[in-house]
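The values are calculated or read from the model by the stated rules, or taken from the named source; none is laboratory data. Since this is a predicted model, take the numbers as computed values, not measurements. Cβ placement follows ideal geometry from the backbone for every residue including glycine, while neighbour counts extend to all protein chains displayed.
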Amino acid sequence: MRFMLKKSKISAVKMFSDEWHTARLGKFTSSEIFFLMKPSGFEDGAMNYIRRKVGEELTGKTSKGEVDVEATRWGAFYESEALQKFGRQKGLDFMIVQQLVSDPESRFGCTPDGLIVLRVSPDGTEHKVETVEVKCPPTFDNYIRYFECETPQDLKSESKQFYWQVLDQMDNCEALIGHFVVYHPDFKAGNMRVIQFNAMQSILGKNGKEFPIYNDLKLLRERKLMAVEQFDKIRAKLMAVSVV
């Protein structure tokens, strides 16, 4: 990884807009990338995910509708509050918020809740960034589950979906550092936890073994290449048959 994000990959497309839904069609996104990351390899979940993405590209229709439930509305409402609190804690003056990051020629994309711009290249074409992903579980038990996580390894044990989401955002954004933030506005104490992911850092797990995050990043990139290969094979089969 070069750890510099091309400015051209940072779109002006905002999360949940019509343009956002359209731009994600046929792309593997960070929120569902965990389907590709089973230890045993590509199982039914991974292949079904790939088939859904092929279907999106060939039909121009999304394969998964947005679920407008109370938990989703709660999270969307309080994420901005959590980002503001996180920004104050970090002493940030500016963050890029909830904008699609993707290369039009790539089959991958993500929409981090925040992008921290650390440095801009002299010619202005590249940014050194850190990613921020926020979760706001409404129930006390779910919030505390994630608050009790202190390291990326803890989060991986508790939620592989969130763990791989953070790593994939880092990969898509060429970021050395990613942040996972869990927040609940009603707690009088302990209402936010921030877990920092560092691609070059080894975490000592609870079993005393080292946990190199970069190894998982390398595995993630391998699985993404495999997913593209499978995508192209399935797409080619469908394209070879004329419409009746």
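Looking only at segment 10-26, count every residue that is buried (at least 18 other Cβ atoms within 10 Å of the Cβ) and under 12 Å from Thr111 (Cβ atoms) and tell me the total. Break it down into steps so the answer makes sense when it comes.
Step one: of segment 10-26, the residues buried (at least 18 other Cβ atoms within 10 Å of the Cβ) are 10, 13, 24, 26.
Right, trim to under 12 Å from Thr111 (Cβ atoms) and you get 10, 13, 24.
Of the residues in segment 10-26, 3 are buried (at least 18 other Cβ atoms within 10 Å of the Cβ) and under 12 Å from Thr111 (Cβ atoms).
Residues that are under 18 Å from Met37 (Cβ atoms), of a type outside the set (S, T, N, Q), surrounded by fewer than 16 Cβ atoms within 10 Å (Cβ to Cβ) and at pLDDT 80 or above: does segment 198-215 have at least one?
Scanning segment 198-215, I find at least one residue that is under 18 Å from Met37 (Cβ atoms), of a type outside the set (S, T, N, Q), surrounded by fewer than 16 Cβ atoms within 10 Å (Cβ to Cβ) and at pLDDT 80 or above, so the answer is yes.
Of the residues in segment 1-23, how many are polar (S, T, N, Q) and closer than 22 Å to Gly178 by Cα?
Narrowing segment 1-23 to residues polar (S, T, N, Q): 8, 11, 17, 22.
Subset that is closer than 22 Å to Gly178 by Cα: 8, 11.
Qualifying residue count, segment 1-23: 2.
Could you list, in sequence order, all residues of segment 1-53 that are in a strand (DSSP E or B) and of a type in the set (Ser, Thr, Tyr)? Give the steps one after another, and end with the answer.
Just the residues of segment 1-53 that are in a strand (DSSP E or B), to begin with: 5-6, 10-14, 28-29.
The answer is Ser11, Thr29.
Listed residues Lys64, Lys27, Lys53, Lys38; which is more than 21 Å from Ser102 (Cβ to Cβ) and of a type in the set (Lys, Arg)?
Details: Lys64 fails: more than 21 Å from Ser102 (Cβ to Cβ); Lys27 fails: more than 21 Å from Ser102 (Cβ to Cβ); Lys53 fails: more than 21 Å from Ser102 (Cβ to Cβ).
Testing whether each residue is more than 21 Å from Ser102 (Cβ to Cβ) and of a type in the set (Lys, Arg) leaves just Lys38.
Restricting attention to segment 111-127, report how many residues are of a type in the set (D, E, K, R) and either within 19 Å of the chain's Cα centre (by Cα) or part of a helix (DSSP H, G or I) (or both). Write out each step before concluding.
To start, the set of residues in segment 111-127 that are of a type in the set (D, E, K, R) comprises 113, 119, 123, 126.
Narrowing further to those that are either within 19 Å of the chain's Cα centre (by Cα) or part of a helix (DSSP H, G or I) (or both): 113.
So the answer is 1.
Just to be sure I understand, how many residues within segment 92-110 are touching a helix residue (DSSP H, G or I) at 6+ places or on another chain (Cβ under 7 Å), part of a loop (DSSP other than H, G, I, E, B) and either aliphatic (A, V, I, L, M) or modelled with pLDDT under 95 (or both)?
2
Being free of Cβ contacts under 8 Å to residues at least 40 places away in the same chain and either part of a helix (DSSP H, G or I) or in contact with an Asp or Glu (Cβ under 6 Å, 6 or more places away or on another chain) (or both) is true for just one of Glu81, Glu56. Which residue is that?
Numbers: Glu81 fails: free of Cβ contacts under 8 Å to residues at least 40 places away in the same chain.
That would be Glu56, the only listed residue that is free of Cβ contacts under 8 Å to residues at least 40 places away in the same chain and either part of a helix (DSSP H, G or I) or in contact with an Asp or Glu (Cβ under 6 Å, 6 or more places away or on another chain) (or both).
Examine segment 20-28 for a residue that is more than 14 Å from Gln230 (Cα to Cα), touching a Leu at 6+ places or on another chain (Cβ under 8 Å) and not hydrophobic (A, V, I, L, M, F, W, C), and state whether such a residue exists. Give the derivation first.
In the first step, residues of segment 20-28 are kept if they are more than 14 Å from Gln230 (Cα to Cα); the result is 20-25.
In the following step, the residues that additionally are touching a Leu at 6+ places or on another chain (Cβ under 8 Å) were identified as 20, 23-24.
Restricting the remaining residues to those that are not hydrophobic (A, V, I, L, M, F, W, C) gives 24.
Yes - at least one qualifying residue is present in segment 20-28.
Which residue is farthest from Pro137 (Cα to Cα), if the candidates are limited to segment 59-78 and must be modelled with pLDDT of 90 or more and assigned to a loop (DSSP other than H, G, I, E, B)? Even if it seems obvious, please write down each step before you answer.
So in segment 59-78, the residues modelled with pLDDT of 90 or more come out as 59-61, 78.
Add one more test, that the residue is assigned to a loop (DSSP other than H, G, I, E, B), and what stays is 60-61.
Details: Gly60: 32, Lys61: 29 Å.
Step by step, filter segment 59-78, then rank; the result is Gly60.
All but one of (1) buried (at least 19 other Cβ atoms within 10 Å of the Cβ); (2) modelled with pLDDT of 95 or more hold for Pro152; which doesn't?
Every listed condition holds for Pro152 apart from (2).
Listed residues Leu5, Leu92; which is under 16 Å from the mean Cα position of the chain (by Cα) and either surrounded by 13 or more Cβ atoms within 10 Å (Cβ to Cβ) or under 30 Å from Arg119 (Cβ atoms) (or both)?
On the way: Leu92 fails: under 16 Å from the mean Cα position of the chain (by Cα).
Answer to the selection: Leu5.
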